[in-house]
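Dropping a structure here in structure tokens format, bear with me for questions.
Quick note: the coordinates plus some simple rules give every number you see, no bench work behind them. Nothing here was measured: the structure is a model prediction, and the numbers come from that model. Glycine also receives a Cβ, built like all others from the backbone with ideal geometry; neighbour counts cover every protein chain displayed.
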Amino acid sequence: MRIVLLGAPGSGKGTQSQLLVKAYGVPQISTGDLLREAVAKGTPLGLRAKAAMDQGQLVDDSIVLGMIRERLARPDAAAGFILDGFPRNIPQAVALEGLLAEIGRPLEAVVLMNLDLGVLFKRLTGRRTCEDCGRVFNVLTSPPGTPPHCERCGDMPRLVQRPDDREEVIGKRLEVFEAQTKPLVKHYADNGLLRVVDADAEVQTVFESLRRAVGA
Ligand code: AP5
């Protein structure tokens with residue numbers, strides 16, 4: 001499996017990637033996660049990325065492409081990969097095509113997770129992450145229970161909100177998606193790779209549609 005999950009912030013790319021990882025054993029490569037890791041460690045790359053992320057803007061292509069090149073070269077990606085949140089603009093898509101051609105492993109499908117703006121907003125404002133293991137909850141759609149419980153970390157997990165899930169930043173992220181990422185829909189439709197999934201359904205229902213879309 002060599003696929004891209006394309007979709008607006010909050011459309012469920014991360015949630016569905018995790019299910020694909022479990023089902024097919026190929027790694028999820030999320031540029032957002034890689035960047036947050038670099039920010040948390042305070043690396044020079046993380047320090048450069050943080051300002052853009054906090055404002056809902058895209059991080060420089062050069063930073064993201066360097067990370068992707070390095071990640072795709074690791075042995076676990078030889079069997080396949082799920083690209084989550086990458087590419088995010090046309091230059092990144094063109095660079096990815098070049099990179100995959102170099103290693104002889106072209107994309108098999110690009111799946112657009114389709115969802116209305118109102119639902120996206122609700123999903124993002126409700127998202128909470130377990131600070132210790134990274135498991136994602138949603139106080140509105142998949143609450144951690146009463147008392148809160150994380151299946152990996154036990155009772156009373158430390159749940160935090162991503163800094164870019166504040167209402168004032170969400171608007172910017174959605175604008176950036178419309179302006180810079182949406183053109184990829186036509187790009188991938190034109191080269192025959194695009195599949196579209198209705199992401200406004202229960203997690204498991206979306207997963208079944210996704211499996212059908214990628215022929216898995
Ligand atoms: P990134 O981390 O990629 O964020 P994003 O694309 O904005 O996507 P999200 O992680 O917000 O949402 P998701 O689609 O994964 O949804 P999730 O499954 O969590 O990027 C963050 C930032 O990093 C960017 O703004 C940019 O600055 C930078 N960046 C990243 N990649 C870059 C790149 N390539 N180039 C340049 N900069 C880059 O679900 C959301 C919530 O909804 C959760 O609470 C979940 O529990 C819930 N949920 C999921 N599915 C369902 C469902 N079916 N029903 C009900 N609730 C659901």
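Over 25 Å between C-alpha atoms is what I'm after, so list which of LYS13/LYS186; LYS22/LYS50; LYS22/LYS172; LYS50/LYS186; LYS122/LYS182; LYS41/LYS186 land there.
Flagged as over cut-off: LYS22/LYS50; LYS22/LYS172; LYS50/LYS186; LYS41/LYS186.
Can you list residues from other chains, or at least 5 along the same chain, whose modelled amide H is less than 5 Å from the amide H of LEU83?
Under 5 Å from the amide H of LEU83 lie the amide H atoms of ILE3, VAL4, LEU5, ILE29, each far enough along the sequence or on another chain.
May I pose another question? Restricting to Cα atoms and excluding each atom paired with itself, what does the Kirkwood estimate give for segment 59-188 in Å?
In segment 59-188 this quantity evaluates to 17.2 Å.
Please compute the contact order of the chain in relative form: average sequence separation of alpha-carbon pairs under 8 Å and at least six residues apart, divided by the residue count, as a percent.
For the chain, the relative contact order is 29 percent.
Over segment 87-146, what lengths in whole Å, largest first, do the semi-axes of the equivalent ellipsoid take, defined as the square roots of 5 times the eigenvalues of the alpha-carbon gyration tensor?
Taking √(5λ) for each Cα gyration eigenvalue gives 34, 16, 10 Å.
If you find the alpha carbon centre of segment 195-216 and of segment 59-116, how far apart are they in angstrom?
20 Å
How many percent of the alpha carbon pairs in segment 1-113 exceed a separation of 17 Å?
Considering segment 1-113, 53 percent of its Cα-Cα pairs are separated by more than 17 Å.
Can you give the convex hull volume of the alpha carbon atoms of segment 126-209 per residue, in Å³?
134 Å³
Please give, to one decimal in nm, the separation of the simple spin-label points placed at ARG166 and ALA73, each 7 Å out from Cα toward the Cβ.
Going by the 7 Å Cα→Cβ label model, 3.7 nm.
Moving on. In segment 108-162, which GluC sites (Glu not before Pro) are in a loop and have at most 11 other Cβ atoms within 10 Å, using DSSP for the loop call?
GLU151
Right, another one. Along each of the three principal axes of the Cα atoms of segment 177-216, give the extent in whole Å, ordering the values from largest to smallest.
Result for segment 177-216: principal-axis Cα extents of 29, 21, 9 Å.
If exposed trypsin sites (Lys or Arg not before Pro) are those in a DSSP loop with at most 14 other Cβ within 10 Å, what is the longest stretch of the chain that has none?
Formally, the longest exposed-site-free interval is 1-151.
Report the gain in length on full extension from PHE121 to ALA189: 0.36 nm times residue separation, minus Cα-Cα distance, nm rounded to one decimal.
Full-extension gain reported as 21.8 nm.
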